[in-house]
Amino acid sequence: MVSALKVRDGMSKLVLTVGPTHTLRQVARMMSARHVGAAVVADPEHAGVGILTERDILNSIAAGEDPDAELAAHHRTEDLVYASPEWTLEEAAQAMVRGGFRHLVVVEGHEVAGLLSMRDIVRCWTGAVTPAPQPV
């Protein structure tokens, strides 16, 4: 039964975390190497976390900005919808559709517990196996 699956069942527990002073190119390289579409931006100067997605990087480049000069701090989204590991995948998918985004930061207590993407939800619902990254 699809609705019985929880965010905990589908989320990635290994989250790419970057700092606010990483450039967009640095973050893009890390995201590419890890085959992920988003990174959590943690800033010790501010409470909470932000998220930087591949779409944020794409929008910056499309606007003619220099990915070697633009910082994660200036392109992250800070007004986040956080998911609980106990949400159903259906609740998470509904939150994504309502908010118009494809990634949810999963928080347990005051800590980041994982990241859930639309791809993770589809994988869980279809039982699809994600291919292993190929060596470069």
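Worth a mention:
- P(r) histogram, all alpha-carbon pairs of the chain included - 5 Å bins from 0, percent: 2, 10, 20, 21, 19, 15, 8, 3, 1, 0
- For LEU16, the residues 5 or more places off, or on other chains, whose built amide H falls under 5 Å of its own are VAL40.
- Counted by Cβ distance under 14 Å from GLU86, the other residues give a net charge of -2, where Lys and Arg count +1 and Asp and Glu count -1.
- Accessible-area composition of the chain, carbon plus sulfur, in percent [1.4 Å probe]: 55
- Values of log10 I(q)/I(0), in the order q = 0.13, 0.20, 0.21, 0.26 Å⁻¹, for segment 13-69 under a Debye, Cα-only, solvent-free model: -0.31, -0.71, -0.78, -1.10
- Solvent exposure of the chain as accessible area per residue, Å², 1.4 Å probe: 60
- For the chain, adding -39500 (n - 2.57) for each run of n ≥ 4 DSSP H residues and dividing by the number of residues yields -9500 deg cm²/dmol at 222 nm.
The values are calculated or read from the model by the stated rules, or taken from the named source; none is laboratory data. If you're wondering where the values come from, they're calculated on a predicted model, not measured in any experiment. Using ideal geometry, Cβ is built from the backbone for each residue, glycine included, and neighbour counts are taken over all protein chains shown. When the accessible area is computed, the model is the full protein with side chains, heavy atoms only, and any ligands, DNA or RNA have been set aside. Shrake-Rupley method; radii C 1.70, N 1.55, O 1.52, S 1.80 Å.
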